[in-house]
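Trainee: Sharing a structure, written as structure tokens. Questions coming.
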Amino acid sequence: MKIRIKFTKQGPIRFVGHLDVMRYFQKAIRRADIDIKYSEGFSPHQIMSFAAPLGVGLTSNGEYMDIEVNSMESCETLKNELKETMVEGVLITECHMLEERAKNAMSLVAAADYTVTFREEKELQDMEEYFRGLMEFFTQPTILITKKTKKGERELDLKQFIYELSVLDNRIFMKLSAGSVNNIKPELVLDAYDQWRGITSSEFTFCIQREEIYGNTGDEEKSVLVPLGLIGESIE
């Protein structure tokens with residue numbers, strides 16, 4: 001059976017890198033005595049994958065992990081068993097059973113929501129001016145930037161990968177393209193804004209939190225973004 005688990009990453013564990021988070025869950029699953037499926041071969045490992053690695057220092061309310069199990073009582077039981085082994089900052093919030101042919105979360109990732117706030121000691125004297133300028137920056141028909149990739153640099157129109165951008169109560173909300181092809185991080189948008197206004201923000205100015213990850217259930221003509229937790233059957 002294929003299971004999709006949603007969890008948070010808050011507090012000190014935000015400084016733990018993706019590979020160590022994966023190792024942590026492997027140990028937590030063993031402690032919880034979950035009947036997880038192992039790969040075959042000389043070096044069997046737990047069948048587990050994560051939707052999208054989260055940058056070190058970022059918090060999240062919407063992380064996803066897929067596992068395969070040989071047996072289980074129910075998703076609610078599995079969720080409670082895992083909760084007993086979690087450290088501070090990691091909370092299991094959802095558990096979904098997937099169809100046998102369902103694609104793993106990593107292959108489905110198409111977009112992600114983020115909230116960005118100023119650290120208290122980094123707030124500007126004129127916050128309204130900053131946010132007003134950000135919205136003016138976003139209303140441009142195109143936002144051309146040079147993005148560094150593993151193969152070098154390429155020019156792209158950032159605007160087409162920013163699906164939403166708004167400001168409310170000194171919080172910046174962004175819905176950005178995500179996945180293996182066009183993975184846009186909030187830092188890239190903020191850096192592009194800095195370049196546009198000709199001022200560079202100081203280091204560690206912002207707190208960034210991922211709120212949700214989406215898959216695309218549409219087609220080439222029209223995208224339909226759905227939270228990964230809703231792609232599958234929810235068992236309570």
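The values are calculated or read from the model by the stated rules, or taken from the named source; none is laboratory data. From a predicted model like this one, the values you see are computed outputs, not experimental measurements. Quick reminder, even Gly has a Cβ in these numbers, built from the backbone with ideal geometry, and neighbours come from all protein chains shown.
Trainee: Checking Ser166 against (1) in the same structural domain as Arg30 (by TED's automatic domain parsing); (2) without any contact (Cβ under 8 Å) to a residue 60 or more places away in the chain, which single condition isn't satisfied?
Mentor: (1)
Trainee: Please determine, by comparing only the residues of the range 61-87 that are touching a helix residue (DSSP H, G or I) at 6+ places or on another chain (Cβ under 6 Å) and touching a residue at least 60 places away in the same chain (Cβ under 8 Å), which one is surrounded by the most Cβ atoms within 10 Å (Cβ to Cβ).
Mentor: Tyr64
Trainee: Right, something else. Quick check on the range 28-60: of everything there that is among the charged types (D, E, K, R) and without any contact (Cβ under 8 Å) to a residue 24 or more places away in the chain, which residue is farthest from Ile92 (Cα to Cα)?
Mentor: Here the answer is Glu40.
Trainee: While we're here: Please go through the range 184-225 and pick out each residue that is part of a loop (DSSP other than H, G, I, E, B), without any contact (Cβ under 8 Å) to a residue 60 or more places away in the chain and farther than 18 Å from Arg132 by Cβ.
Mentor: Listed by number, the residues that qualify are Ile184, Thr200, Glu203, Thr217, Gly218, Asp219, Glu220, Glu221, Lys222, Val224.
Every residue, every condition in (1) surrounded by 12 or more Cβ atoms within 10 Å (Cβ to Cβ); (2) under 27 Å from Tyr214 (Cβ atoms); (3) at pLDDT 95 or above, yes or no:
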position: Asp126; (1), (2), (3): no, no, no
position: Arg132; (1), (2), (3): yes, no, yes
position: Leu144; (1), (2), (3): no, yes, no
position: Lys147; (1), (2), (3): yes, yes, no
position: Lys150; (1), (2), (3): no, yes, no
position: Glu155; (1), (2), (3): no, yes, no
position: Ile162; (1), (2), (3): yes, yes, yes
position: Leu165; (1), (2), (3): yes, yes, yes
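Trainee: Given the conditions (1) in contact with a Lys or Arg (Cβ under 7 Å, 6 or more places away or on another chain); (2) under 20 Å from Ala51 (Cα atoms), and given that Ser180 satisfies all but one, which numbered condition is not satisfied?
Mentor: Result: Ser180 passes all but (1).
Trainee: Give me the pairs, please: first residue somewhere in the range 98-113 and of a type in the set (Val, Ile, Thr), second residue anywhere and surrounded by fewer than 17 Cβ atoms within 10 Å (Cβ to Cβ), beta-carbon distance under 8 Å, and either six or more positions apart or on two chains.
Mentor: Short answer, once both residue conditions are applied: Val109/Ser180.
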